[in-house]
Amino acid sequence: MKHKNDEDKRMPQKWVSCDIEAEYFKDDRKHSRMERKLASAKDRSKYKKTDRDKQEKNKGLHQNIKVPEEDLLQGRVLSITPQGFVVEHEKARYTCTIRGLLKKEKTQFKNLVTVGDIVLFQKTHQEEGLIAHIQPSNSIISCADNLSRRQEQLIAANIDLVLITVSVVNPPIKPSLIDRYIIAARKGGMQPVIVVNKIDLLNEETSLSEKEIYHQLIEAYKTVSVPVITASVVNEHGLDELKNTMKDKASVFSGQSGVGKSSLINAITGHSLKVGKVVDRTKKGSHTTTKAQLIPLEFGGWCIDTPGIKSFGVWNLQKAEVEQYFSEIYEIGHRCKFPDCSHTHESDCAVLEAAEKGELSHLRLDSYHFLLEELSQEHMRR
């Protein structure tokens, strides 16, 4: 006699009561297939001995790469163009494409290769090649893809410094954008440096609010170990300090459009990168840099100019970890009455009290609140 329990054991369960349950619990059969795929991926016995020998010889390469590693050339990606990836090897440059098998790999990345990557490639013609392998990066700066927010958009790799460039007036400073870049830099293993450009615009015509934000910014980041360099291409203020900071390092200029990233690079390197103007009506810059490119520095090191952005979402940032990137808020937060205090509205909140007394920067606290709110809305959209 068959029991109902026996039938239940043999029949796969499927959540059908509503879409939410189907989304969270999925189908048991799908789960089983996923487990089998993971087990298969870890099972090295499925390869023949000849395949295992080849994999050992090409250690770190994709298993379907037929070219021995010693026959591949190593280079650094200088820029990305519509024609392909410009890779430098022993002062020669090759326009490369990616092998199709790498494109088929399912990853969280929107783009597999970015500027600064060290790659192994096969030379196919005099100045052309096929990228067969991307070496692990020492550091990476990335953001969440603006469209889906479910993929990581790589900006640059193997970078030492992230030069977060802002302008004092035109376009105006966005503290929350600065803090997002700082978090992205520290998450990716890089040192953030704030470059306040166009300080020649600080004059009698500058509004009091703009001057106040500028001075608050200078004071706020003194306490969180983020260097601030003030600069102006017009009167060459701060350019020597910027050069000394960048010397023998790989640096990436990041920030919104119109802050003068390309102008600073031109002043430092003698290049003639295209620069744009800020629209008076919107106070927003126009996109002049359309691609990221690695530029060698005569005094040692590299720098990268990146396209300006309108929004910058930190990849894989959780609400629970935001506070640790605001060290002064984290330290003061230990004095709050409630251990899970959000520092937004609670009574006996030491952080809010410190801000009222002037012991904590309102600029940083507002940025903290803005980021938490943004993450909450992003979670709701998902």
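Take the residues of segment 83-98 that are of a type outside the set (V, I, T) and within 22 Å of the chain's Cα centre (by Cα): which is farthest from T306 (Cα to Cα)? Per the criteria, the residue is G84.
Of the residues making up segment 200-227, just one is in contact (Cβ under 8 Å) with a residue 40 or more places away in the chain, hydroxyl-bearing (S, T, Y) and closer than 10 Å to V168 by Cα, namely Y214.
Among the strands (runs of 3 or more DSSP E) confined to segment 183-257, the ones with at least 2 residues that are buried (at least 20 other Cβ atoms within 10 Å of the Cβ) are located at 191-197, 249-254. When Q122, Q216 are checked against the criterion of being under 30 Å from T97 (Cα atoms) and either under 25 Å from the mean Cα position of the chain (by Cα) or among the polar types (S, T, N, Q) (or both), a single residue qualifies: Q122. For segment 338-382, filtering for residues that are outside any helix (DSSP H, G or I), open to solvent by 90 Å² or more (accessible area, probe 1.4 Å) and at pLDDT below 90 leaves 4. Scanning segment 323-370 for residues that are among the aliphatic types (A, V, I, L, M) and touching a residue at least 60 places away in the same chain (Cβ under 8 Å) turns up just one, L363.
Selection over segment 330-361 of residues that are of a type outside the set (V, I, T) and touching a Gly at 6+ places or on another chain (Cβ under 6 Å) gives a count of 0. Looking across segment 155-180, the residues that are at pLDDT 90 or above and either among the basic types (K, R) or touching a Phe, Trp or Tyr at 6+ places or on another chain (Cβ under 7 Å) (or both) come down to V162, L163, I164, T165. For segment 230-252, filtered to residues that are free of Cβ contacts under 8 Å to residues at least 40 places away in the same chain and among the β-branched types (V, I, T), the residue that is nearest to D305 (Cα to Cα) is V233. Within segment 133-154, the residues that satisfy the criterion of being modelled with pLDDT of 85 or more, out of contact with any strand residue (DSSP E or B) (no Cβ under 6 Å at 6 or more places or on another chain) and open to solvent by 20 Å² or more (accessible area, probe 1.4 Å) are P136, N138.
With respect to A267, is the statement that it is of a type in the set (A, V, I, L, M), touching a helix residue (DSSP H, G or I) at 6+ places or on another chain (Cβ under 9 Å), crowded, with 17+ Cβ neighbours inside 10 Å and closer than 15 Å to D305 by Cβ true? Yes; evaluated as a whole, the condition is true for this residue.
The values are calculated or read from the model by the stated rules, or taken from the named source; none is laboratory data. As the structure is a prediction and not an experimental result, all values here were calculated from the model. All Cβ positions, even for glycine, are placed from backbone atoms using ideal geometry, and neighbour counts span all protein chains on display. Heavy atoms of the whole protein, side chains included, go into the accessibility calculation; ligands, DNA and RNA do not. Shrake-Rupley method; radii C 1.70, N 1.55, O 1.52, S 1.80 Å.
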